[in-house]
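**Student:** Pasting a structure below so you can have a look.
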Protein chains: 2
Amino acid sequence: MTAQCAEYDEGVPSRSSTSTAPTRERILDAFELLLINDGERAATLDAVAANAQVSKGGLLYHFASKEALIQSLLQRLRTLVTEDVERMRAAPEGVVEYFIRTSIASTDTAQSALERAIVACACLAQGSHTDVRDAIRSMQATWLATITDAGTDPVAARIVALVGDGLYFNSSMGLTDETPRSQSMDELVAAVKQFVAKR
Amino acid sequence: MTAQCAEYDEGVPSRSSTSTAPTRERILDAFELLLINDGERAATLDAVAANAQVSKGGLLYHFASKEALIQSLLQRLRTLVTEDVERMRAAPEGVVEYFIRTSIASTDTAQSALERAIVACACLAQGSHTDVRDAIRSMQATWLATITDAGTDPVAARIVALVGDGLYFNSSMGLTDETPRSQSMDELVAAVKQFVAKR
DNA sequence: GTCTATACGAAGATAGAC
DNA sequence: GTCTATCTTCGTATAGAC
């Protein structure tokens, strides 16, 4: 195992994925963005291909079917969650603050890649994609465990987790103007931490 | 205005809407249930018609287009929210407890009708239905105002609202086995109330 | 690896019979 | 009010050229 895995310009599908990233990644990014911005219904193979700047045939060379596209997105989510939990465990500001702040749109590259994957998968989860739901449930379980492992009271941990879900719910459904470093976020974080400390 | 408005067997589309309710309501119920259980993609006119036990032509007599169907669902939501806020304001257990407990699947008829409408609309809101998003945002604003009007500290109110959103997020996305009177709900309510009281 | 062309079914909507 | 065609467009997927 050498130390490559260079990741290209990964995580920055800034301009509708007109990036120089390899086709496969560009397609996955386009799929993600379509799900986030326009919902499952709009994320058709045609639309994905157009946004990734390949033909439908080109897309289907990389992902043999729509199902394959979904599975790859799920795989991306799982990888990002694993990495995130490690950062969370190591966070100097503490697990709770890290969790709350990263529950809304971030400008940090690694973090926002995760958020995009989550919101995109949440869109798919509303349909009857059992495996997508399972992945999200498993992610939530991991978060909850990480919070309680850090010594947080179980009920408080549950509330923290729900606040995070609430933030995702809002961001998966249109504009939460909020940024992770806004004043209202600071107040929210302070209040939650105060609550957790008192239990 | 006489005191009819009998509502038929409204609010109980228990068995896939095989009810005796008038066709229009049966169709709307079927649309709602399809959105909830199988997502936006599955809620096609064909599927709605089949579940409401009318033909597609019959459906389109009552609702001239899919858009009309959506608008009627939105109207139903707005009506139910208005009624709910009145109940919330008058709730003997207090605004906060009422809000938290009614944020998950209820067996109460009036309450569950609202929940169904919300979850169904949340599914639609992921697409680019601007008006659906607006309706949900307005509903959230009303709730938040009701909580703060009851004397709750603004930051605490925001946390309460987020916990509610989190509960909806989970229930809009698959099984939260939770019931409004389970032990874990009692603990959750107690903890939230304790937090609110201390601010 | 990427494209064009095409098959085929599904989804929304219309027309008109009963 | 409700039904059965029928039309059209869209979405997924395949075949085969470059």
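The values are calculated or read from the model by the stated rules, or taken from the named source; none is laboratory data. None of these values were measured; they are calculated from a predicted model. Heads up, the Cβs are rebuilt from the backbone with ideal geometry, glycines too, and the neighbour counts pull from every protein chain shown.
**Student:** Could you tell me whether A:Arg181 is over 17 Å from B:Ala157 (Cα atoms), facing another protein chain (nearest Cβ under 7 Å) and under 23 Å from the mean Cα position of the chain (by Cα)? Please lay out each step first, then the result.
**Tutor:** Values: over 17 Å from B:Ala157 (Cα atoms): yes; facing another protein chain (nearest Cβ under 7 Å): no; under 23 Å from the mean Cα position of the chain (by Cα): yes.
In short, no.
**Student:** Within the stretch A:56-67, is there a residue that is in contact (Cβ under 8 Å) with a residue 60 or more places away in the chain and out of contact with any Lys or Arg (no Cβ under 8 Å at 6 or more places or on another chain)?
**Tutor:** The answer is no, given that none of the residues of the stretch A:56-67 is in contact (Cβ under 8 Å) with a residue 60 or more places away in the chain and out of contact with any Lys or Arg (no Cβ under 8 Å at 6 or more places or on another chain).
**Student:** Tell me yes or no: at least one residue of the stretch A:70-87 is within 14 Å of chain B (Cβ to nearest Cβ) and within 16 Å of DNA strand D (Cβ to nearest atom).
**Tutor:** yes
**Student:** Against the conditions (1) surrounded by 21 or more Cβ atoms within 10 Å (Cβ to Cβ); (2) assigned to a helix (DSSP H, G or I); (3) at pLDDT 95 or above; (4) more than 10 Å from chain A (Cβ to nearest Cβ), where does B:Leu144 fall short? Just the number, please.
**Tutor:** (1)
**Student:** Are any residues in the stretch B:156-179 over 19 Å from B:Asp84 (Cβ atoms) and buried (at least 18 other Cβ atoms within 10 Å of the Cβ), and if so, which ones?
**Tutor:** Passing the criteria: B:Ala156, B:Arg158, B:Ile159, B:Asn170, B:Met173.
**Student:** Shifting gears a bit: Considering only residues of the stretch B:160-192 that are of a type in the set (Ser, Thr, Tyr) and outside any helix (DSSP H, G or I), which is farthest from B:Ala120 (Cα to Cα)?
**Tutor:** B:Ser182
**Student:** To continue, here is another question. With the structure loaded, tell me whether B:Phe195 is part of a helix (DSSP H, G or I), under 30 Å from A:Thr152 (Cα atoms) and more than 9 Å from chain A (Cβ to nearest Cβ) or whether it fails that test.
**Tutor:** No, not satisfied.
**Student:** Test A:Arg116 against the criterion of being touching a residue at least 40 places away in the same chain (Cβ under 8 Å) and in contact with an Asp or Glu (Cβ under 6 Å, 6 or more places away or on another chain), and give yes or no.
**Tutor:** Yes, satisfied.
**Student:** Does B:Ala157 fit the bill of being more than 18 Å from the chain's Cα centre (by Cα) and modelled with pLDDT of 95 or more?
**Tutor:** Judged against the criteria, B:Ala157 is a match.
**Student:** Could I ask something else about it? Please note which helices (runs of 4 or more DSSP H) are completely contained in the stretch A:27-122 and include at least 1 residues that are more than 15 Å from DNA strand C (Cβ to nearest atom), within 20 Å of A:Thr146 (Cα to Cα) and β-branched (Val, Ile, Thr).
**Tutor:** A:66-90, A:95-101
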